[in-house]
Amino acid sequence: MSFTETGRPPKDGFERDLVEVAALNLPKATPTLLNSLNKAALSQKPEETLLDLDLDELTTLIKELGQPTFRAKQVWGWLYQNFADAYAEMNNLPNSLLEKLSAQVPLAPLEVVTEKVAYDGQTRKALFRLSGGAEIETVLMLYADRATVCVSTQAGCAMACSFCATGQLGLTRNLQPGEIVQQVLHFERFLSRTTDPRLTLGHKRITNLVFMGMGEPLANYLNLWKAIRRFHDPQSLNLGARKMTVSTVGLPQMIRRFAQEDLPINLAISLHAANDTLRGSMMPINHRFPIAMLLEACREYISRTNRRLSFEYTLVREVNDSPAAARELAMLLRGMLCHVNLIPMNPVPGSSQQGSDLSRVRAFQAELERFGIPNSVRSEKGRDIQAACGQLKVEYNLS
Ligand code: SAH
């Protein structure tokens, strides 16, 4: 076995892949807008909180504190059935235990900086400040048949896609598992405690999650999965695996790893172009992982899981939305167990690019259909509050 300069054996397999994706930092589309707060956040490792722990870890901690294990279940119920956001609410637990717990693993809700509601009343966007000062956004979308939260997995994003507002920010840091969980608990609390059905469309619980907020979920793989398991756990939120969708720019080694996980979480790949020249101009990650490498991992994913893969295709006017581009896409995906999700580009401040109009969207769809590629157009919510796909961007003060 050879050793690195640090004297440690070289990393291999999944561990090496994790290091590689953590180091990905693509050229920014525009100068990074980090303010001093966020620079501070970069160097900071957040302390562990109660919501970072799963039930086994909490049970171990409670045993170490000399308490019976049923206390862990009680705390758990407060968090995931009552959506408590302070130890003080847990009134059937001894104060001495609560004090010890809060000293070891604090419980503080994410600080809500602002919360906006769209004109249609069906989309809410919360801006949260994390410990250390970094900020993230999370969106609740209400439909007649479902209540979906769009979750962020990183503060900012390193992927720098040309049409995405978050990509202009650069990466501040990965979110901790508890910070991912908290975004969802915030909206669970809202739905469970709001009695006016005009604000909730009658929903009492969140039914679906999409990991399509700020950040690249598969570049924060371990924390993402810790949060997913929590959402899925019947003793926590009990969300079915098929009710959750992770969206990625397409990191091949992480897609392969995703295929080996035991939960059948939906996976969506941001493709946006069917040739390397065009995709590279829209998504810098394509220079590292070109389409052929990406599709090889996608094919492996499908053959291993036998699950349908989604491909997202953001339609940018006069860039990737011609009938010829649709044919190229159809040729690329022909024969694959997949579905194409078309998203007319949402406007992004500072970008001259625009979304395709309805006639171009329909013409693109018609071509896909001619070649038998299943597709749909994603209905967008919350454009008026910058809550739609690709619009999440914390407005930094550069003072
Ligand atoms: N990093 C992940 C999740 C990001 S957002 C990923 O890239 O998949 C989810 C989807 O919104 C992605 O497909 C992303 O490319 C798309 N998107 C980004 N900016 C957009 C915009 N301005 N209009 C429409 N879709 C956009």
Q: Estimate the FRET efficiency between SER281 and ASP384 by the formula 1/(1 + (r/R0)^6), using the beta-carbon distance for r and 25 Å for R0, to the nearest 0.05.
A: 0.25
Q: Would you please state which residues of the range 99-131 a label at GLU48 would reach in this model, taking the label point 7 Å out along Cα→Cβ and a backbone N cut-off of under 16 Å?
A: 100-108
Q) Of the peptides 331-343, 195-207, 95-107, how do they stack up when ordered by the mean number of other Cβ atoms within 10 Å, highest first? A) 331-343, 95-107, 195-207
Q: Could you tell me the convex hull volume per residue, in Å³, taken over the Cα atoms of the range 50-104?
A: 74
(Q) If I take R0 = 35 Å and measure r between the Cβ atoms of GLU64 and ARG146 in this structure, what FRET efficiency does the formula 1/(1 + (r/R0)^6) give, to the nearest 0.05? (A) 0.30
Q.
I'd like the FRET efficiency for ARG327 and ARG299, computed as 1/(1 + (r/R0)^6) with the beta carbon distance as r and R0 of 22 Å, rounded to 0.05.
A. 0.60
Q: Could you tell me the distance between the Cα centroids of the range 288-317 and the range 354-391, to the nearest Å?
A: 19
Q: Please give the per residue volume of the convex hull enclosing the alpha carbon atoms of the range 276-399, rounded to a whole number of Å³.
A: 140
Q: Can you work out the PRE-style zone for PHE371? Point 7 Å along Cα to Cβ, and I want the residues of the range 246-280 with backbone N under 18 Å.
A: 269-280
**Q.** Three principal axis lengths of the chain [C-alpha, angstrom, descending]
**A.** 69, 64, 50
Q) What angle, in degrees between 0 and 90 and rounded to the nearest 10, separates the Cα long axis of helix 291-305 from the longest principal axis of the Cα atoms of the chain? A) 60
Q) What cysteines in the chain have no other cysteine with a beta carbon less than 4.7 Å from their beta carbon? A) CYS150, CYS157, CYS298, CYS338, CYS389
Q | Degrees between helix 323-333 axis and first principal axis of the chain (Cα, 0 to 90, nearest 10) | A | 60
Q.
Need the full-extension length gain, ALA23 to ARG317, defined as separation in residues times 0.36 nm minus the C-alpha distance. One decimal, nm.
A. 102.6 nm
Q | For the range 273-342, Kirkwood radius (reciprocal of mean inverse C-alpha pair distance, Å) | A | 12.7
Q | Distance between modelled label sites at GLN260 and LEU337, nm, 7 Å Cα→Cβ extension | A | 2.0
Q: Kindly provide the Kirkwood hydrodynamic radius of the range 137-273 in Å, to one decimal, from all pairs of distinct alpha carbon atoms.
A: 15.4
Q. Can you give the Rg to Rh ratio of the range 213-352, both from alpha-carbon atoms, with Rh computed by the Kirkwood formula?
A. 0.98
Q: Quick one: check the C-alpha center-to-center distance for the range 124-177 versus the range 190-209, whole angstrom.
A: 21
Q: Could you grab the relative contact order for the chain? Cα pairs under 8 Å, six or more apart, rounded to a whole percent.
A: 16
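We did not get these values from a lab; they are worked out from the coordinates using the rules stated. Quick caveat: nothing in here was measured; it's all calculated off a predicted structure. Virtual Cβ from ideal backbone geometry, glycine too; neighbours counted across all protein chains shown.
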